[in-house]
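Only the coordinates and a few stated rules stand behind these numbers; no lab work does. These numbers come from a predicted model, not from an experiment. Cβ: placed from backbone, ideal geometry, glycine included. Neighbour counts: every protein chain shown.
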Amino acid sequence: MRTRPRGPRPGGSDTRATILSAARTEFASRGYDGATIRGIAVAAGVDPALVHHYFGTKSRLFAAALQFPFDPEALFADVLGGGIDGAGERLLRAVFAAWDNAGSRAPMLAIIRTATTSDAGAAMLREFLDRNILQRISAELSPDRAGMRAALVASQMAGLLMARYVISLPALATASAEDIIAAVAPNVQHYLNGDLGGPVDS
């Protein structure tokens, strides 16, 4: 019986997917700066040259790994399609559903941890938030001062996710999603269509 030779895996049809899977795990556990092309190659069982062949640089590899394992269009369809009333609660439910999915957790942790340790990672996260969330909220839900409202919603969500899933503050980490939604949804709804005070430009 022929045995498979030891050593790094050669290039093949599944090599790119294997590298991406290893990259997501490495970025999630080490952050953008801590993860290396060599370390990702070792985790994937390939030669580092193959990683460079498929993705070029670490930043490009991260950008590829940044592709969320869910469709933002589908995730926010119910949030946006239901109109402004109750949108805060629907947004929270959609986000918690995504985070509590085991297959989604690692790449999203990679994004948040990298954004706090790397300017490049922060830029990538800003790009994702702006394209997929902020612009859509501004265009479809906010009655006025759309930019400010969208930014406030994003800050609320980012702080909540960081505290619950990354820092793991005990009260938030152990609370049920329903309890958190009940407590936070009114704030998110206020940011969407409540009175924000003085006339600050969006």
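Filtered by the rule that a residue be in contact with a Gly (Cβ under 9 Å, 6 or more places away or on another chain) and among the basic types (Lys, Arg), region 86-116 gives Arg90, Arg113.
Conditions tested, residue by residue: (1) surrounded by 12 or more Cβ atoms within 10 Å (Cβ to Cβ); (2) in contact with a Pro (Cβ under 7 Å, 6 or more places away or on another chain); (3) under 14 Å from Leu92 (Cα atoms); (4) free of Cβ contacts under 8 Å to residues at least 60 places away in the same chain.
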site	(1), (2), (3), (4)
Arg136	yes, no, no, no
Ala139	no, no, no, yes
Leu161	yes, no, yes, no
Val166	yes, no, no, yes
Ala182	yes, no, yes, yes
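For region 94-126: of the residues being crowded, with 17+ Cβ neighbours inside 10 Å and hydroxyl-bearing (Ser, Thr, Tyr), which is farthest from Phe76 (Cα to Cα)? Result: Ser118. If you go through region 27-42 and pick out every residue that is without any contact (Cβ under 8 Å) to a residue 60 or more places away in the chain and closer than 18 Å to Gly103 by Cβ, you end up with 1. If the condition is being in contact (Cβ under 8 Å) with a residue 12 or more places away in the chain and in a loop (DSSP other than H, G, I, E, B), then region 84-102 contributes Ile84, Gly86, Asp100, Asn101. Of the residues making up region 72-80, one or more are aromatic (Phe, Trp, Tyr), farther than 20 Å from Arg113 by Cβ and in a helix (DSSP H, G or I).
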